[in-house]
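J.: Before I ask anything, let me first share the structure, which is written out below as structure tokens.
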Amino acid sequence: MMGKKDILSMTLSVLETELTSLGEKKFRAGQLYSWLHDKRAVSFAECSDLPKSLIERLGEEYEIKRLKIIRKLESELDGTIKYLYEFPDGERAETVLMSYKHGNSICISSQVGCKMGCSFCASTKAGFVRDLLPSEMLLQIYETERDSGRKVESLVLMGIGEPLDNFDNVMTFLGLLSSEKGKNMSLRHVSLSTCGIVPRIRELADMKTGLTLSVSLHAPTDEKRNAIMPINRRYDTTELTEACKYYFAQTGRRISFEFALIDGVNDDKETAKELVKLLRPLSPCHVNLIPVNEIREREYRKSSKVREFQKFLTDSGINATVRRTLGADINAACGQLRRDSAGK
């Protein structure tokens, strides 16, 4: 027997098709969409301006998914909140809500686990399970706003998973997120992080969504990147940088490069020189230096040369900043809560 349809993953145009196939007028889809994404109804019974017969039919054929909070950690240092959410099938992923002077930003997951295998990342250690649906990405925002009482103004797709490996679901999610009848968030307030799936970067460039592309680089040469990021053996630094040039040419949006500094691995002056050489043709770009998140399986340690590395980049004409660490007292970097909850 087929399960009920996931109505929160449906765009307005899809919902219009669904309701007209049920014999309803097209405008009913707009009413229902507003209830789901503006008023955030959790049951069809709340949709008071819909006919009772339609409400009953919706309940029979469709479901409004919900997430369950399994763990919630709130930082005493800066108010960062980290959630471990459970999806209807029992799988789990993490979401982090961060407060800045310019407003609240949320970091969401796009997959349960990750296939990419980056050696320094906790998210990949428990293995890949499945992609998240558009509704499951959207609900990380809706449930977090509902629970925290805070309005989310910006979004980063930097949680568990590789967004471009779940491309179609992520694009549908972004359409729902930016819909005028829903959250109505401009995609200029969205950053999407990728380890470098080159064909999808080019496809994203052609779509001209307006979002910020953030590339997890972490090493400037193929030899060094191959050692810590398996994706580089498929799409090397030359292919990656050419795709980044194409993205900038198509969109005019400056690319951000994430660079986690690991003590004794990629924090020396020679690496800094190689990074400048790689990125100079990509100017204007931005380098976001990150003290590496220490995980149990690796002896990787945070570099003590972060400021020195930053100064070399900026003196060489590369814009570079050090990521502000939020939620340090609750280990707000993604991956650890899910693994701990699974006993992995």
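J.: For helix 167-178, report the angle its Cα long axis makes with the longest principal axis of the Cα atoms of the chain; keep it between 0 and 90° and round to the nearest 10°.
T.: For 167-178 against the chain, the angle is about 70 degrees.
J.: Next question, about the same structure. Please give the helix 12-21 orientation as an angle from the longest Cα principal axis of the chain, in degrees from 0 to 90, rounded to the nearest 10.
T.: 30
J.: Exceeding 23 Å between C-alpha atoms, which entries from my cross-link table qualify? They are 25/68; 277/305; 115/183; 5/26; 125/183. Provide the component values of the computation, followed by the final result.
T.: On the way: 25/68 34 Å; 277/305 20 Å; 115/183 30 Å; 5/26 19 Å; 125/183 33 Å.
Checking Cα-Cα distances, 25/68; 115/183; 125/183 exceed 23 Å.
J.: Summing -39500 (n - 2.57) over the DSSP H runs of n ≥ 4 in the chain and dividing by its residue number, what mean residue ellipticity at 222 nm do you reach, to the nearest 500 deg cm²/dmol? If you can, show how the numbers build up before the last one.
T.: Numbers: 11 runs with 118 residues, N = 344.
Helix-only estimate at 222 nm: -10500 deg cm²/dmol.
J.: Helix 27-37 versus the longest principal axis of the chain: what is the Cα-based angle in degrees, 0 to 90, to the nearest 10?
T.: Taking Cα atoms only, the helix is inclined about 50 degrees.
J.: Still on this structure: Please report the relative contact order for the stretch 220-306, taking Cα pairs under 8 Å with a sequence separation of at least 6, and give it as a percent rounded to a whole number. Kindly include the intermediate steps, with their values, before the conclusion.
T.: Working: 86 pairs, mean separation 27.2, N = 87.
Computed value for the stretch 220-306: 31 percent relative contact order.
J.: So how do 33, 100 line up by other beta-carbon neighbours within 10 Å, fewest first? If you can, show how the numbers build up before the last one.
T.: Values: 33 22, 100 12.
The most exposed by this proxy come first: 100, 33.
J.: Could you grab the relative contact order for the stretch 68-336? Cα pairs under 8 Å, six or more apart, rounded to a whole percent.
T.: Numbers: 535 pairs, mean separation 48.7, N = 269.
After rounding, I find 18 percent.
J.: Once you've got the GNM for the chain with C-alpha springs shorter than 10 Å, pick whichever of 23, 117, 182 has the biggest mean-square fluctuation.
T.: 23
J.: Lys and Arg at +1, Asp and Glu at -1: add these up for the other residues within a Cβ distance under 13 Å of residue 168 and post the number. Intermediate values should be presented prior to the final figure.
T.: Values: positive: 200; negative: 131, 165, 203.
Net charge in that neighbourhood comes out at -2.
Bear in mind that the values in this text are calculations on the coordinates, not laboratory data. This structure is a prediction, so every number in the text was calculated from the model and none was measured. All Cβ positions, even for glycine, are placed from backbone atoms using ideal geometry, and neighbour counts span all protein chains on display.
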